[in-house]
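In what follows, a structure is listed as structure tokens, so that the remarks can point back to it.
What follows draws every value from the coordinates through simple rules; no lab data is involved. All values reported here derive from a predicted model rather than from experimental measurement. Positions of Cβ are backbone-derived with ideal geometry, glycine not excepted, and every protein chain shown enters the neighbour counts.
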Amino acid sequence: MKKAKELRELTDEELERELIDLKDELFRLRFQMATGQLDNPLRIREVRRNFARTKTIVRERELTKERGDSIELGQDG
């Protein structure tokens, strides 16, 4: 589990890769849950939270870029 501080140190491409990996893992875990093969159901919660944490960092960066663009254009954010 990566902390928000560690995620902020990653590049945009690394964050996108992390999101893809987490989404794939969540799919596999849900499939295992449905078939009764999941050993640790709490892992689903961990992965879901990591996914949300990563998406939050991505969104923060998007908003920062948008805010920077509007300031350069002389618009209020």
Folded to 0 to 90 degrees: helix 12-35 orientation relative to the chain principal axis, Cα: 30 degrees
Residue among 30, 67, 17 with the largest mean-square fluctuation in a Gaussian network model of the chain, springs linking Cα atoms under 10 Å: 67
Nearest 10 degrees, 0 to 90: helix 42-72 Cα axis against the chain principal axis: 10 degrees
Relative exposure of 47, 58, judged by other C-beta atoms within 10 Å (fewest first): 58, 47
The chain - mean residue ellipticity at 222 nm from DSSP helices (-39,500 (n - 2.57) per run, n ≥ 4, rounded to 500): -27000 deg cm²/dmol
